[in-house]
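Novice: First the structure, which I've put down as C-alpha coordinates, then a few questions once you've had a look.
The values are calculated or read from the model by the stated rules, or taken from the named source; none is laboratory data. From a predicted model like this one, the values you see are computed outputs, not experimental measurements. Using ideal geometry, Cβ is built from the backbone for each residue, glycine included, and neighbour counts are taken over all protein chains shown. Please note that ligands, DNA and RNA were not included when accessible areas were found on the heavy atoms of the full protein model with its side chains. Shrake-Rupley method; radii C 1.70, N 1.55, O 1.52, S 1.80 Å.
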Amino acid sequence: AAFYEASGGGVTLSGGEPMLQSEFATSILRRCKAEGFHTALDTCGQVPWRSFEQALPFVDLVLYDIKQISPELHRRYTGASNGLLIENLKGLAERGAAVEIRMVIIPTINDAREHVEGAAELLAPLGNVVGIRLLSYHRLAGSKYVKLGKENTMPEEEPPTRERMLQVAQWLGQHGLEVIYPQAG
(Lines give C-alpha, C1' and ligand atoms only; values in the text may rest on other atoms or scores of the structure.)
Protein backbone atom coordinates (compact mmCIF):
# COMPACT_ATOMS: atom_id res chain seq x y z
CA ALA A 1 0.00 0.00 0.00
CA ALA A 2 2.83 2.40 0.84
CA PHE A 3 4.40 1.80 -2.57
CA TYR A 4 1.15 2.55 -4.42
CA GLU A 5 0.58 5.70 -2.36
CA ALA A 6 4.09 6.96 -3.09
CA SER A 7 4.08 6.04 -6.78
CA GLY A 8 0.46 6.82 -7.60
CA GLY A 9 0.30 3.36 -9.18
CA GLY A 10 -2.06 0.48 -8.79
CA VAL A 11 -2.73 -3.13 -9.63
CA THR A 12 -3.09 -4.44 -13.18
CA LEU A 13 -4.30 -7.97 -13.86
CA SER A 14 -2.90 -9.27 -17.13
CA GLY A 15 -1.82 -12.60 -18.44
CA GLY A 16 -2.53 -14.55 -20.70
CA GLU A 17 -6.15 -13.68 -20.21
CA PRO A 18 -7.13 -12.94 -16.60
CA MET A 19 -10.83 -13.23 -17.40
CA LEU A 20 -10.40 -16.94 -18.10
CA GLN A 21 -10.20 -17.15 -14.30
CA SER A 22 -12.85 -14.51 -13.72
CA GLU A 23 -13.89 -15.57 -10.21
CA PHE A 24 -10.29 -15.46 -9.00
CA ALA A 25 -9.61 -12.20 -10.86
CA THR A 26 -12.76 -10.64 -9.42
CA SER A 27 -11.74 -11.69 -5.93
CA ILE A 28 -8.34 -10.00 -6.32
CA LEU A 29 -9.89 -6.87 -7.81
CA ARG A 30 -12.47 -6.68 -5.01
CA ARG A 31 -9.72 -6.88 -2.39
CA CYS A 32 -7.61 -4.26 -4.15
CA LYS A 33 -10.54 -1.82 -4.33
CA ALA A 34 -11.25 -2.44 -0.63
CA GLU A 35 -7.66 -1.34 0.04
CA GLY A 36 -8.17 1.78 -2.08
CA PHE A 37 -5.88 0.71 -4.95
CA HIS A 38 -6.42 1.80 -8.54
CA THR A 39 -7.23 -1.31 -10.58
CA ALA A 40 -6.79 -2.14 -14.25
CA LEU A 41 -7.75 -5.19 -16.26
CA ASP A 42 -5.70 -6.11 -19.36
CA THR A 43 -7.83 -8.24 -21.68
CA CYS A 44 -8.36 -9.29 -25.27
CA GLY A 45 -12.11 -9.40 -24.60
CA GLN A 46 -12.56 -12.92 -25.96
CA VAL A 47 -14.50 -14.21 -22.94
CA PRO A 48 -18.18 -14.55 -21.99
CA TRP A 49 -19.79 -11.28 -20.89
CA ARG A 50 -20.57 -12.69 -17.42
CA SER A 51 -16.82 -12.60 -16.72
CA PHE A 52 -16.82 -8.82 -17.18
CA GLU A 53 -20.07 -8.35 -15.27
CA GLN A 54 -18.54 -9.86 -12.13
CA ALA A 55 -15.32 -7.85 -12.31
CA LEU A 56 -16.48 -4.42 -13.56
CA PRO A 57 -17.58 -2.99 -10.19
CA PHE A 58 -13.96 -3.33 -9.05
CA VAL A 59 -12.16 -2.09 -12.19
CA ASP A 60 -11.06 1.50 -12.78
CA LEU A 61 -9.60 1.00 -16.26
CA VAL A 62 -9.87 -1.73 -18.88
CA LEU A 63 -6.87 -2.17 -21.20
CA TYR A 64 -8.40 -3.73 -24.31
CA ASP A 65 -6.62 -5.22 -27.32
CA ILE A 66 -7.80 -4.59 -30.86
CA LYS A 67 -5.83 -6.72 -33.28
CA GLN A 68 -7.71 -6.61 -36.57
CA ILE A 69 -11.06 -4.98 -37.36
CA SER A 70 -11.92 -7.18 -40.35
CA PRO A 71 -13.70 -10.36 -39.16
CA GLU A 72 -12.11 -12.44 -41.92
CA LEU A 73 -8.57 -11.17 -41.30
CA HIS A 74 -8.99 -11.42 -37.53
CA ARG A 75 -9.91 -15.09 -37.91
CA ARG A 76 -6.98 -15.68 -40.30
CA TYR A 77 -4.38 -14.13 -37.99
CA THR A 78 -5.74 -15.14 -34.58
CA GLY A 79 -7.75 -18.27 -35.30
CA ALA A 80 -10.93 -16.74 -33.82
CA SER A 81 -13.70 -14.36 -34.78
CA ASN A 82 -13.61 -10.81 -33.42
CA GLY A 83 -17.40 -10.76 -32.93
CA LEU A 84 -17.32 -11.52 -29.21
CA LEU A 85 -14.62 -8.99 -28.45
CA ILE A 86 -16.52 -6.26 -30.33
CA GLU A 87 -19.74 -7.21 -28.54
CA ASN A 88 -17.95 -7.05 -25.17
CA LEU A 89 -16.35 -3.72 -26.07
CA LYS A 90 -19.80 -2.30 -26.77
CA GLY A 91 -21.03 -3.77 -23.49
CA LEU A 92 -18.24 -1.98 -21.65
CA ALA A 93 -19.30 1.27 -23.34
CA GLU A 94 -22.94 0.77 -22.34
CA ARG A 95 -21.83 0.43 -18.71
CA GLY A 96 -19.53 3.46 -18.88
CA ALA A 97 -16.32 1.54 -18.17
CA ALA A 98 -13.17 3.54 -18.97
CA VAL A 99 -11.28 1.71 -21.73
CA GLU A 100 -7.82 2.23 -23.14
CA ILE A 101 -7.43 0.47 -26.48
CA ARG A 102 -4.10 -1.17 -27.21
CA MET A 103 -3.21 -1.65 -30.87
CA VAL A 104 -0.03 -3.43 -31.90
CA ILE A 105 0.69 -2.16 -35.40
CA ILE A 106 2.01 -4.89 -37.72
CA PRO A 107 3.03 -3.84 -41.24
CA THR A 108 0.93 -5.43 -44.01
CA ILE A 109 -1.42 -6.99 -41.44
CA ASN A 110 -3.22 -4.13 -39.68
CA ASP A 111 -1.53 -0.88 -40.69
CA ALA A 112 -3.58 -0.22 -43.83
CA ARG A 113 -5.73 2.87 -43.77
CA GLU A 114 -8.94 0.83 -44.16
CA HIS A 115 -8.12 -1.16 -41.00
CA VAL A 116 -7.27 1.96 -39.02
CA GLU A 117 -10.35 3.83 -40.29
CA GLY A 118 -12.54 0.80 -39.52
CA ALA A 119 -11.20 0.67 -35.97
CA ALA A 120 -11.74 4.42 -35.56
CA GLU A 121 -15.32 4.17 -36.84
CA LEU A 122 -16.02 1.47 -34.24
CA LEU A 123 -14.27 3.24 -31.35
CA ALA A 124 -15.11 6.94 -31.78
CA PRO A 125 -18.87 6.70 -31.10
CA LEU A 126 -18.47 4.50 -28.00
CA GLY A 127 -17.78 7.43 -25.69
CA ASN A 128 -15.77 5.46 -23.12
CA VAL A 129 -12.44 5.15 -24.94
CA VAL A 130 -9.96 7.25 -22.95
CA GLY A 131 -7.15 6.64 -25.43
CA ILE A 132 -5.64 4.38 -28.04
CA ARG A 133 -2.14 3.24 -27.20
CA LEU A 134 -0.20 2.43 -30.36
CA LEU A 135 2.46 -0.23 -29.94
CA SER A 136 5.08 -1.10 -32.55
CA TYR A 137 5.24 -4.76 -33.49
CA HIS A 138 8.46 -6.62 -32.74
CA ARG A 139 9.54 -10.23 -33.16
CA LEU A 140 11.13 -10.74 -29.75
CA ALA A 141 8.69 -13.49 -28.73
CA GLY A 142 9.79 -15.68 -31.65
CA SER A 143 12.77 -17.05 -29.74
CA LYS A 144 10.49 -18.02 -26.85
CA TYR A 145 8.50 -20.28 -29.14
CA VAL A 146 11.70 -22.03 -30.20
CA LYS A 147 12.87 -22.48 -26.59
CA LEU A 148 9.52 -24.06 -25.73
CA GLY A 149 9.75 -26.40 -28.72
CA LYS A 150 6.73 -24.80 -30.35
CA GLU A 151 6.14 -23.49 -33.83
CA ASN A 152 6.92 -19.79 -34.14
CA THR A 153 3.66 -18.31 -35.41
CA MET A 154 4.83 -14.71 -35.23
CA PRO A 155 4.59 -12.79 -38.52
CA GLU A 156 7.90 -12.33 -40.33
CA GLU A 157 7.23 -8.63 -40.76
CA GLU A 158 9.72 -5.96 -39.74
CA PRO A 159 8.61 -3.44 -37.11
CA PRO A 160 6.71 -0.45 -38.51
CA THR A 161 8.66 2.70 -39.23
CA ARG A 162 8.23 5.75 -37.04
CA GLU A 163 6.66 7.50 -40.02
CA ARG A 164 4.06 4.75 -40.42
CA MET A 165 3.21 4.85 -36.71
CA LEU A 166 2.75 8.62 -36.94
CA GLN A 167 0.49 8.14 -39.98
CA VAL A 168 -1.66 5.63 -38.08
CA ALA A 169 -1.82 8.05 -35.13
CA GLN A 170 -2.94 10.83 -37.48
CA TRP A 171 -5.69 8.68 -39.03
CA LEU A 172 -7.06 7.82 -35.58
CA GLY A 173 -6.74 11.41 -34.38
CA GLN A 174 -8.85 12.63 -37.31
CA HIS A 175 -11.77 10.82 -35.67
CA GLY A 176 -11.34 12.75 -32.42
CA LEU A 177 -9.66 9.85 -30.65
CA GLU A 178 -6.87 10.46 -28.13
CA VAL A 179 -3.78 8.63 -29.39
CA ILE A 180 -0.98 7.59 -27.05
CA TYR A 181 2.27 7.09 -28.93
CA PRO A 182 5.26 8.29 -26.91
CA GLN A 183 7.64 8.28 -29.87
CA ALA A 184 5.58 10.99 -31.57
CA GLY A 185 7.42 13.80 -29.79
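Novice: With a 1.4 Å probe and all protein chains left in place, how much of the accessible area of the range 123-163 comes from carbon and sulfur atoms, in whole percent?
Specialist: Whole-percent figure for carbon plus sulfur exposure: 55.
Novice: Right, here's the next one. Pick out, from I66, Q170, T26, the residue whose Cα sits farthest towards the positive end of the charge dipole of the chain, with +1 on the Cβ of Lys and Arg and -1 on the Cβ of Asp and Glu.
Specialist: Going by the charge dipole, the pick is T26.
Novice: Taking loop as defined by DSSP and a crowding limit of 16 other beta carbons within 10 Å, which GluC sites (Glu not before Pro) in the range 1-106 fit?
Specialist: E35
Novice: Here's another thing I want to ask about it. Over the chain, what is the relative contact order in whole percent, taking alpha-carbon pairs under 8 Å and six or more residues apart?
Specialist: Dividing the mean separation by the residue count of the chain yields 16 percent.
Novice: Run through all the Cα pairs of the range 120-166 and give the fraction in each 10 Å bin from 0, expressed as whole percent.
Specialist: Taking every Cα pair in the range 120-166, the percentages come to 21, 30, 28, 18, 2.
Novice: Then there is this: Taking the Cα centre of the range 53-115 as origin, work out the dipole magnitude from +1 charges on Lys and Arg Cβ and -1 charges on Asp and Glu Cβ, in debye rounded to 20.
Specialist: For this selection, approximately 180 debye.
Novice: Counting each DSSP H run of 4 or more residues in the chain as -39500 (n - 2.57), what helix-only mean residue ellipticity at 222 nm follows after dividing by all residues, to the nearest 500 deg cm²/dmol?
Specialist: After summing the helix terms and dividing by residue count, I get -11500 deg cm²/dmol.
Novice: Ok, one more. Can you give the translational diffusion coefficient of the chain in µm²/s, computed by Stokes-Einstein from the Kirkwood radius over Cα pairs at 20 °C and 1.002 mPa s?
Specialist: 122 µm²/s
Novice: Also: Kindly point out which whole DSSP H helices in the chain project their C-alpha atoms 27 angstrom or further along the helix axis while averaging a Kyte-Doolittle hydropathy of 0.5 or above.
Specialist: Qualifying helices, which must be both long enough and hydrophobic enough, do not occur.
Novice: With +1 on each Lys and Arg Cβ and -1 on each Asp and Glu Cβ, and nothing else charged, work out how big the dipole of the chain is about its Cα centre, in Debye to the nearest 20.
Specialist: I would put it at about 360 debye.
Novice: Pairwise over distinct Cα atoms, reciprocal of the mean inverse distance: report the Kirkwood radius of the range 1-88 in Å, one decimal place.
Specialist: 13.9 Å
Novice: Got a sec? Charge dipole of the range 78-131, +1 on Cβ for Lys and Arg, -1 for Asp and Glu; which of L92, I105, G127 is way out at the positive end?
Specialist: Looking along the dipole axis, the top candidate is L92.
Novice: Straight-line reach only, C-alpha to C-alpha below 19 angstrom: list the lysines that K90 could link to, leaving out same-chain residues fewer than 8 apart.
Specialist: The reachable lysines, counting only those whose Cα sits under 19 Å from K90, are K67.
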